[in-house]
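Have a look at the structure below before the remarks.
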Amino acid sequence: MKTYKIIEIERKYIKKDYSYAEGVMESEAHDGWEVVSIAFDTGKDICGNMLITFAREREKA
């Protein structure tokens, strides 16, 4: 069974490049999380916040 989480990265951190987002993904990978999807929550803006969905196996109790 897997567990999931979503991290939202504000537009101001990804305006020029994606190095901040890459750092977040690398940090989460060290904790066993795997990127499942990346999407943008545009809402009313053309370029919105980045949503990164992560998954990993649930720890057994």
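Descriptive notes on the structure:
- Identity of the residue in the stretch 29-61, surrounded by 13 or more Cβ atoms within 10 Å (Cβ to Cβ) and polar (S, T, N, Q), that ends up nearest to residue 4 (Cα to Cα): 53
- Qualifying residue in the stretch 29-46 (condition: out of contact with any Phe, Trp or Tyr (no Cβ under 8 Å at 6 or more places or on another chain), touching a residue at least 24 places away in the same chain (Cβ under 8 Å) and of a type in the set (A, V, I, L, M)): no
- Residue 24 meets the conditions (1) surrounded by 15 or more Cβ atoms within 10 Å (Cβ to Cβ); (2) in a strand (DSSP E or B); (3) hydrophobic (A, V, I, L, M, F, W, C) in every case but one. The failed one is (2).
- Single match in 3, 53, 42 (criterion: modelled with pLDDT under 95 and of a type in the set (S, T, N, Q)): 42
- For the stretch 27-61, the tally of residues that are assigned to a strand (DSSP E or B), closer than 22 Å to residue 12 by Cβ and charged (D, E, K, R) stands at 1.
The values are calculated or read from the model by the stated rules, or taken from the named source; none is laboratory data. Keep in mind the model is a prediction, meaning the values are calculated, not measured. Neighbour counts run over all protein chains shown; Cβ positions are idealised from the backbone, glycine included.
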